[in-house]
Amino acid sequence: LILTLYDVIYFFQTSADLYFLFFLSPFSINWIYNTTTTFKILTESETFDLAGQNVTTITNTIQSAFRDPLPTTEMVRITFVTGAGKLGRQKYDDGAAKAVTSSLRELGFEDDRGASCVVECAGSFKLQHDTGKNLKTVVVFPNITLLEDAAGELNLNDDKKNSKPLLEEGSPESLIAMSSSNVFDRMITSKCPSWSQKKGCMTAIESLMSQLKSLDEKLMCGTPLNDAEQDFYDAVSLDTLEEKEALVKKKMLAQVESGHITRDELDLLINQVSDRLTIVSDEISESNNKPKKLQKLKAVKEKTEQRQSLLKGIAPQNPHRLRHEAEIHKLLSEMAPLQKLEDESGGRLLSIKETQMMGKKHELEDKVLQLEDSCRGWFEDDDFFHNRLQISRDAFNAKQKTVKKKSKGSTATKTAIPRWVTPGQTKSATSKSSTKPKKKNGTSSVFAAMMMDSDSD
């Protein structure tokens with residue numbers, strides 16, 4: 001089903017399995033069909049305005065449209081606007097409603113005020129007055145032949161099943177296209193913190209604009225859009241995309257001027273400016289006889305040189321940290337003793353407890369990998385992301401080395417072992433008791449020896 005401003009185009013099939021078109025226009029409702037037509041397919045309820053139509057045209061149209069049952073998958077409602085209030089009354093023929101109803105009665109239709117859009121009400125019509133819009137209408141429930149495979153024969157169902165959305169749901173491109181300007185402003189700050197990511201976002205916006213323009217050209221050529229293309233065309237606005245593009249350019253410029261770019265990004269920008277200067281210099285040398293063009297080129301060269309000096313004065317910064325870096329480092333700390341155990345095992349048979357510890361190590365490794373993958377931002381290439389991962393791992397290894405040095409230093413220093421002191425005992429007493437050797441008591445030793453030989457034990 002294809003809806004345009006003035007025409008509603010439907011497809012129907014001939015006996016030779018060829019497809020033709022007939023147009024229902026609010027200005028001139030005309031059926032264009034071949035004499036070999038076997039059925040027409042009407043898949044949705046529609047409303048048609050009979051303004052400007054005379055009685056003869058209306059009669060011929062109604063008789064041609066409803067002479068034969070319409071094969072369809074469900075009952076449809078066809079509404080004809082036949083009159084209006086004071087402001088629009090002059091647009092309609094006084095006999096428009098009578099022409100519709102009389103033609104329907106000749107075809108065997110019955111007037112049923114209680115008719116509704118169900119199969120049981122096929123072959124009936126009713127007059128209605130829409131007080132809200134102040135319109136008079138004739139609602140027709142045509143005779144139909146239920147064909148479950150009718151839409152399938154025209155591949156209508158297959159098109160809906162096979163038509164995938166142009167933008168994957170939840171993808172960066174989809175969120176960029178569907179978000180409002182305010183949401184996009186906040187989203188680009190958190191999802192694309194680096195200059196290179198913003199550049200990738202700019203490329204994505206340009207691609208979306210190109211898609212939208214191609215759909216415009218398709219419609220201008222009279223080519224219908226499929227369901228996925230129509231959904232995209234209705235949801236995305238070219239003006240909104242242009243606003244988002246300007247916003248990203250502004251953020252990229254501000255990021256460069258503030259110096260928040262990495263070494264790779266800075267090198268790329270300097271190379272671009274150098275290439276631009278070379279091109280402009282060549283054009284200046286070739287435009288000596290064109291003063292106006294020469295003046296413009298000199299102005300461009302001056303701006304480009306200023307940008308080059310700005311870039312050369314920037315001190316590059318490290319890439320932004322991983323979003324889950326603290327949690328990743330915590331898991332790596334838990335995994336460090338388990339890794340040491342695995343290294344020291346040397347391929348020997350592990351005990352049950354050690355095997356369980358190795359299983360825990362594998363679980364921690366999986367969690368670390370998942371967290372690292374989730375830290376990847378929009379439009380971040382592999383090299384840039386792996387560089388950020390390596391910087392995070394180097395920071396963790398340096399921290400671990402510092403902890404080991406501190407632990408070694410603490411074990412090297414000897415600490416005095418405190419003595420137990422009973423209540424009321426002075427320091428001098430304890431020192432005396434510790435320095436004076438105990439006198440051996442012969443009696444007590446003999447008694448102790450007797451106790452050792454006692455049978456009572």
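Among the residues of the stretch 350-375, just one is under 24 Å from SER194 (Cβ atoms), surrounded by 15 or more Cβ atoms within 10 Å (Cβ to Cβ) and not hydrophobic (A, V, I, L, M, F, W, C), namely GLU372.
Per the conditions (1) more than 30 Å from LYS213 (Cα to Cα); (2) at pLDDT 90 or above, the sole criterion not satisfied by THR240 is (1).
The residues of the stretch 260-286 that are of a type in the set (Lys, Arg) and either buried (at least 16 other Cβ atoms within 10 Å of the Cβ) or outside any helix (DSSP H, G or I) (or both) amount to a single one, ARG276. Quick check: anything in the stretch 287-294 in contact with a Leu (Cβ under 6 Å, 6 or more places away or on another chain), assigned to a loop (DSSP other than H, G, I, E, B) and farther than 30 Å from CYS192 by Cα? Yes, there is a match, as at least one residue in the stretch 287-294 is in contact with a Leu (Cβ under 6 Å, 6 or more places away or on another chain), assigned to a loop (DSSP other than H, G, I, E, B) and farther than 30 Å from CYS192 by Cα.
For LEU147, the criteria (1) modelled with pLDDT of 85 or more; (2) more than 28 Å from THR57 (Cα to Cα); (3) open to solvent by 50 Å² or more (accessible area, probe 1.4 Å) hold in every case but one, which is (1).
Each residue in the stretch 209-234 was checked for being in a helix (DSSP H, G or I) and in contact (Cβ under 8 Å) with a residue 40 or more places away in the chain, and 6 pass. Within the stretch 376-388, the set of residues being surrounded by fewer than 17 Cβ atoms within 10 Å (Cβ to Cβ) and either in contact (Cβ under 8 Å) with a residue 12 or more places away in the chain or acidic (Asp, Glu) (or both) comprises ASP381, ASP382, ASP383, ASN387.
Within the option set ALA235, ALA228, being under 26 Å from LEU175 (Cβ atoms), open to solvent by 40 Å² or more (accessible area, probe 1.4 Å) and modelled with pLDDT of 85 or more holds for one residue only, ALA235.
No other residue among GLU245, GLU305, GLU257 is open to solvent by 100 Å² or more (accessible area, probe 1.4 Å), acidic (Asp, Glu) and either without any contact (Cβ under 8 Å) to a residue 60 or more places away in the chain or outside any helix (DSSP H, G or I) (or both) apart from GLU257.
Exactly one residue out of LYS198, LYS213 is modelled with pLDDT of 90 or more, in contact with a Lys or Arg (Cβ under 8 Å, 6 or more places away or on another chain) and not acidic (Asp, Glu), and it is LYS198. For the stretch 308-341, taking the residues that are outside any loop (DSSP other than H, G, I, E, B) and open to solvent by 100 Å² or more (accessible area, probe 1.4 Å), the one that is farthest from LEU266 (Cα to Cα) is identified as LYS340. Of the residues making up the stretch 63-106, those that are crowded, with 17+ Cβ neighbours inside 10 Å and more than 48 Å from the chain's Cα centre (by Cα) are TYR92, ASP93, ALA96, ALA97, ALA99, VAL100, THR101, SER103, LEU104. Here the stretch 165-208 is the region considered, the condition is being open to solvent by 50 Å² or more (accessible area, probe 1.4 Å) and assigned to a loop (DSSP other than H, G, I, E, B), and the residue that is farthest from GLU265 (Cα to Cα) is PRO165.
The values are calculated or read from the model by the stated rules, or taken from the named source; none is laboratory data. This one's a predicted model, so the numbers in the text were calculated from it and none came from an experiment. All Cβ positions, glycine included, derive from the backbone under ideal geometry; neighbour counts span all protein chains shown. Only protein heavy atoms, including side chains, enter the accessible area calculation; ligands, DNA and RNA are left aside. Shrake-Rupley method; radii C 1.70, N 1.55, O 1.52, S 1.80 Å.
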